Amino acid sequence: AQSVTQLDSQVPVFEEAPVELRCNYSSSVSVYLFWYVQYPNQGLQLLLKYLSGSTLVKGINGFEAEFNKSQTSFHLRKPSVHISDTAEYFCATLPGGGADGLTFGKGTHLIIQP
Amino acid sequence: NAGVTQTPKFRVLKTGQSMTLLCAQDMNHEYMYWYRQDPGMGLRLIHYSVGEGTTAKGEVPDGYNVSRLKKQNFLLGLESAAPSQTSVYFCASSYVREQFFGPGTRLTVL
């Protein structure tokens, strides 16, 4: 069975500073990887996804992530955060077949301090 | 397009009551999913469907039933609600790999 570990439950960062949210996955088969963002009292919105090809993936709102197969990681980064980035961020994997549901990490709460 | 919609947005039940949550999508997606979100737990898959008339169990299916009589709708039922089912429920749909989520239903069981 697949699992996803988000190493930090909460990350406080000052506005305009860079941030990295860490995600590690375990799988014996090829995986597809996703980062979702959840703003307060809202549903989940896709930030970016890795399906194949380039290991550096760019998403919306200036976020990017790098797929590292040898370290089984998919860390999310942004060079300069804004107050509006305050949200819960979820890393997720999908088995190779695509029809099964996503396996989510427990989430990382990004707190932007002015 | 409305995308994925969920009805109702909020609901309070007493232990032992039953209810049905409705998910509808207008994107003609084959796959649909029900997840629950609990604090510190992320989202966990309850049931899913790969097409009209088919359903399958996810990670946490106990206490829930589902039906997919029409391609655009996926119903989640609680026959006898328990306080442990207090949660936020999200529906999602997908065509291939990217899942689109609804706004959620906040359910409280007293």
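Which aspartates and glutamates have a Cα lying under 12 Å from the Cα of A:Lys78, excluding residues fewer than 8 positions away in the same chain?
The qualifying aspartates and glutamates are A:Glu15, A:Glu16, A:Glu20, A:Glu64, A:Glu66.
Amide H of A:Tyr32: which non-local residues (sequence gap of 5 or more, or other chain) have their own amide H closer than 5 Å, using H built in the peptide plane?
Result for A:Tyr32 returns A:Leu94.
Compute the separation of the alpha-carbon centres of segment B:69-110 and segment B:1-58 and state it in Å as a whole number.
2 Å
What is chain A by shape, rounded, prolate or oblate, if you read a ≥ b ≥ c off the alpha carbon gyration tensor as root eigenvalues and call it rounded for a/c under 1.5, prolate for a/b larger than b/c, and oblate otherwise?
Prolate.
Please report the spacing between the Cα centers of segment A:44-114 and segment A:1-28 in Å, no decimals.
Spelled out, the Cα-based centre of one part sits 8 Å from the other.
From the phi of every residue in segment A:8-22, what ³J(HN,Hα) in whole Hz does the Karplus formula 6.51 cos²θ - 1.76 cosθ + 1.60 yield, where θ is phi - 60° and glycine or proline is x?
Values per residue, Gly and Pro as x: 10, 7, 8, 10, x, 9, 6, 4, 6, 7, x, 9, 9, 10, 9 Hz.
May I ask for the percentage of alpha-carbon pairs in chain B that lie more than 25 Å from each other?
That fraction is 14 percent.
Need the full-extension length gain, A:Gln2 to A:Glu15, defined as separation in residues times 0.36 nm minus the C-alpha distance. One decimal, nm.
Full extension from A:Gln2 to A:Glu15 adds 1.2 nm.
Which lysines have a Cα less than 30 Å from the Cα of B:Lys57, not counting those fewer than 8 places away in the same chain?
Qualifying lysines at Cα under 30 Å: A:Lys49, A:Lys69, A:Lys106, B:Lys9, B:Lys14, B:Lys70, B:Lys71.
About the Cα centre of the protein assembly as shown, how large is the charge dipole given +1 on each Lys and Arg Cβ and -1 on each Asp and Glu Cβ? Please answer in debye to the nearest 20.
Here the size comes out at about 400 debye.
Using C-alpha positions alone, give me the convex hull volume of the protein assembly as shown per residue in cubic angstrom.
Each residue corresponds to 121 Å³ of Cα convex hull volume.
When chain B is modelled as a GNM with alpha-carbon springs shorter than 10 Å, which of B:Phe74, B:Phe100, B:Phe90 fluctuates the most?
B:Phe100
Would you list B:Thr54, B:Thr86 from fewest to most Cβ contacts within 10 Å?
Starting with the residue having the fewest Cβ neighbours, the order is B:Thr54, B:Thr86.
No value in this document is a laboratory result; all are computed from the given coordinates. Source: prediction; values computed, not measured. Note that each Cβ is placed from the backbone with ideal geometry, even for glycine, and that neighbours are counted across all protein chains shown.
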